[in-house]
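Everything on this sheet refers to the single structure shown next.
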Amino acid sequence: MTGNMTPPPLRFYSIVLAVADLSLMQHWYARALGFAERLSGASEADGTAFAVMDGAGTCIELVARRGATPAPPPEPPTHLDTTGWRTLDLESDDLLALDAHLRREGVTILTAMQPLSPRRAMTVIRDPEGNLIAIFGPVPG
């Protein structure tokens with residue numbers, strides 16, 4: 001082989017999350033985590049609808065296919081017993097204020113501000129369809 005073996009530069013675009021109720025999930029990600037819709041659409045050919053949402057310095061694409069049902073969510077730490085992407089990981093500078101916001105919004109909190117080290121903590125939540133979201137930040141104090 002000849003030539004440059006380095007691929008052209010890539011940029012991150014999005015993480016795709018298959019959902020059963022697109023409207024519910026759009027509203028939840030906007031209200032609970034501050035994501036904003038960039039664009040949305042549908043494809044009658046394959047029975048899907050989607051919403052691309054920006055927030056937390058990233059982009060998620062919520063995609064619903066006609067007839068899809070949510071899979072039963074695994075409980076941590078057994079969610080790591082099979083391979084593949086398992087959580088959406090975010091970061092906050094103020095886990096205490098975030099915890100108060102999540103509680104006001106009625107978000108399911110599995111672990112609140114759990115210390116991981118003397119300086120770092122983690123809050124783990126579920127979205128309405130059971131997907132895990134881990135939020136890391138400094139230990140409140």
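The values are calculated or read from the model by the stated rules, or taken from the named source; none is laboratory data. For clarity, every value in this text was computed on a predicted model and none was experimentally measured. FYI the Cβ positions are ideal-geometry reconstructions off the backbone, even for glycines, and counts take in every protein chain you see.
Observations on the structure shown:
- Among the candidates A56, A64, A97, residue that is loosely packed, with under 14 Cβ neighbours inside 10 Å and under 23 Å from G34 (Cα atoms): A97
- The set of residues in the range 19-50 that are in a strand (DSSP E or B) and either touching a residue at least 12 places away in the same chain (Cβ under 8 Å) or in contact with a helix residue (DSSP H, G or I) (Cβ under 7 Å, 6 or more places away or on another chain) (or both) comprises V19, A36, E37, R38, L39, S40, T48, A49, F50.
- Filter pass, H79 being part of a helix (DSSP H, G or I), at pLDDT below 90 and surrounded by 10 or more Cβ atoms within 10 Å (Cβ to Cβ): yes
- For the range 94-141, the set of residues classified as of a type in the set (A, V, I, L, M) and outside any strand (DSSP E or B) consists of L95, L96, A97, L98, A100, L102, V107, L116, V139, listed by residue number.
- Of all the numbered requirements in (1) without any contact (Cβ under 8 Å) to a residue 12 or more places away in the chain; (2) under 20 Å from A30 (Cβ atoms); (3) among the hydrophobic types (A, V, I, L, M, F, W, C), I135 misses one, and that requirement is (1).
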